[in-house]
Amino acid sequence: MNKYFYPLIENPYSNSDIRKGINVLKSKQLTLSNETKKFEKNFTTKLKSKYSLMVNSGSSANLLALQCLINPYRKKKLKKGDEIIIPTLCWSTSLWPIIQSNLKPVFVDVNSETLNIDEAQIKNKINKKTKAILLVHVLGNSCDMDQIMKIKKKYNLILIEDTCESLGSKYKNKYLGTFGEFSSFSFYSSHQISSGEGGMICCKDKTDYNIIKSLRSHGWSRGTTFENKIYNKNPHLDKRFIFFNSGYNLRPTEVAATVGNNQFKRIDSLIRMRNINRKKIINKLLSNKILKNKIDFYKENKFVTPSWFGLSVKILETKKNIKKTLVKKLEKNGIETRPIISGNFTKQPATIKYGLSKRKKYPNTDLIYNKSFFIGLPTKKISNNYLTKISLAFEKSFK
Ligand SMILES: Cc1ncc(COP(=O)(O)O)c(C=O)c1O
């Protein structure tokens with residue numbers, strides 16, 4: 001039994017998701033085929049992205065974006081040591097593909113109100129080696145995309161949007177993940193939609209699309225626009241198995257694709273439900289006298305129509321180590337919590353081990369880590385009794 005009465009996510013799969021998954025199992029076609037292609041097509045149509053390719057996780061999508069940037073089949077490929085700007089508030093696999101591609105991350109602090117990269121600080125970090133910005137859209141919110149696009153244009157930078165936490169959010173009515181050359185999405189189980197494990201990468205350029213398609217499948221040419229050209233140069237080889245590029249196997253299964261696609265079809269109602277529940281929970285908690293002036297909530301940035309991942313909570317109390325104590329109590333009282341991504345990533349042991357931390361200070365990210373956390377958002381209608389239970393659990397934890 002779940003030890004939480006308020007988990008990060010309750011079973012996110014509907015009966016029809018399960019039925020679709022079973023039908024795929026029964027068809028015995030489990031490896032990449034029509035279900036994956038259908039999902040990719042739907043994703044492209046809804047987001048108005050140019051190309052979408054499904055992969056086995058959001059992490060794989062980030063890896064493909066970075067690997068594509070250094071790929072020899074790309075006309076303008078990045079070189080070893082080229083710099084990529086990234087917010088300190090990021091996920092592990094937002095960062096590591098940069099290192100794994102022999103590129104250099106340059107950290108920028110975030111805005112403590114929006115949780116996203118502080119646009120004002122980006123310009124100070126730009127030099128001749130700066131080639132790209134990797135944005136992380138945190139928990140459904142977005143930074144000021146007008147500012148980002150201005151910076152991108154002025155300094156001729158590539159933009160990668162890690163949209164793993166923000167599928168469905170819009171900035172000025174345009175979906176996040178459609179601004180940059182590349183974007184990544186995650187369908188891990190607590191995200192806006194879930195396929196168990198799964199992800200999507202979108203890109204704008206036809207050659208990039210075909211490069212990532214080959215990287216996703218062993219580096220072979222089959223099914224890409226390179227296929228005929230490469231074969232004509234190598235007619236002695238079996239056309240089906242010509243490996244013209246480096247590669248991985250990052251393909252999804254058909255079960256993940258069908259479940260993901262089925263959820264994607266109802267994403268608008270899932271977003272609406274989370275938004276309604278978010279408002280109800282905020283109103284309930286803020287009307288509790290004990291909690292008043294002790295907590296507050298992050299709001300969407302200007303021009304953002306959010307698709308909330310979770311409900312991020314700000315602790316207003318100033319006591320030392322307050323967050324650790326509170327989170328412990330909330331967990332004990334049945335509310336599952338998470339840090340806001342992983343806090344200041346330069347403070348994680350891995351970044352220190354790899355010599356990436358450089359002892360620089362990122363006070364806003366530290367503040368967020370020390371004074372905030374997030375809880376899930378149910379995707380089904382919640383009752384008044386349930387709201388009262390949540391409020392009581394918070395009250396008990398803050399006493
Ligand atoms: C910002 C961000 N990027 C990337 C990922 C990785 O996604 P996945 O778990 O699908 O590999 C996550 C995971 O939650 C994330 O929050």
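The values are calculated or read from the model by the stated rules, or taken from the named source; none is laboratory data. A quick note: this is a predicted structure, and the numbers were derived from the prediction, not measured. Positions of Cβ are backbone-derived with ideal geometry, glycine not excepted, and every protein chain shown enters the neighbour counts. All accessible areas refer to the heavy atoms of the entire protein, side chains included, with ligands and DNA or RNA removed. Shrake-Rupley method; radii C 1.70, N 1.55, O 1.52, S 1.80 Å.
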Next item on the list: Consider TYR4 carefully, then state whether it is among the hydroxyl-bearing types (Ser, Thr, Tyr), open to solvent by less than 50 Å² (accessible area, probe 1.4 Å) and part of a loop (DSSP other than H, G, I, E, B).
Entry: yes
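Here is a yes/no grid of residues against (1) in a loop (DSSP other than H, G, I, E, B); (2) within 26 Å of VAL55 (Cα to Cα):
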residue	(1), (2)
HIS236	yes, no
ARG251	yes, yes
PHE264	no, yes
ASP268	no, yes
MET273	no, no
Checklist line | Among the residues listed as PRO72, PRO87, the single one being open to solvent by 30 Å² or more (accessible area, probe 1.4 Å) and in contact with a Ser or Thr (Cβ under 9 Å, 6 or more places away or on another chain) | finding: PRO72
Notebook entry, point to check: Hey, among GLU227, GLU254, which residue is out of contact with any helix residue (DSSP H, G or I) (no Cβ under 7 Å at 6 or more places or on another chain) and either free of Cβ contacts under 8 Å to residues at least 40 places away in the same chain or surrounded by 22 or more Cβ atoms within 10 Å (Cβ to Cβ) (or both)?
Noted result: GLU227
Check: In the range 144-184, which residues are within 16 Å of the ligand (Cβ to nearest atom), out of contact with any helix residue (DSSP H, G or I) (no Cβ under 6 Å at 6 or more places or on another chain) and either under 23 Å from LYS104 (Cα atoms) or open to solvent by 10 Å² or more (accessible area, probe 1.4 Å) (or both)?
Finding: GLU161, THR163, GLU165, GLY177, GLY180, SER183
Margin query: Considering only residues that are away from the ligand (no atom under 16 Å from the Cβ) and in contact with a helix residue (DSSP H, G or I) (Cβ under 8 Å, 6 or more places away or on another chain), which ones fall in the range 196-211?
Written below: CYS203, ASP208, ILE211
Check: Within the range 131-140, restricting attention to residues that are open to solvent by less than 10 Å² (accessible area, probe 1.4 Å) and more than 11 Å from the chain's Cα centre (by Cα), which residue is nearest to the ligand (Cβ to nearest atom)?
Finding: LEU134
Next item on the list: Considering only the range 297-399, give the helices (runs of 4 or more DSSP H) lying wholly within it that have at least 2 residues that are buried (at least 17 other Cβ atoms within 10 Å of the Cβ) and among the hydrophobic types (A, V, I, L, M, F, W, C).
Entry: 322-332, 384-398
Check: Among LYS48, LYS79, which is the only one that is away from the ligand (no atom under 16 Å from the Cβ), among the charged types (D, E, K, R), surrounded by fewer than 21 Cβ atoms within 10 Å (Cβ to Cβ) and at positive phi?
Finding: LYS48
Note to self: Just the residues that are open to solvent by less than 10 Å² (accessible area, probe 1.4 Å) and more than 16 Å from the ligand (Cβ to nearest atom), please, taken from the range 104-129.
What the structure shows: ASP109, ILE122
Checklist line | Matching entry among SER101, SER57, SER94 (being away from the ligand (no atom under 15 Å from the Cβ) and either at pLDDT 95 or above or not assigned by TED's automatic domain parsing to the domain that holds GLY177 (or both)) | finding: SER101
Margin query: Condition (residue is among the acidic types (Asp, Glu) and at pLDDT below 95) applied to the range 104-121: is it met by at least one residue?
Written below: yes
Check: Among the residues of the range 91-103, which ones are open to solvent by 20 Å² or more (accessible area, probe 1.4 Å) and in contact with a Lys or Arg (Cβ under 8 Å, 6 or more places away or on another chain)?
Finding: ASN102
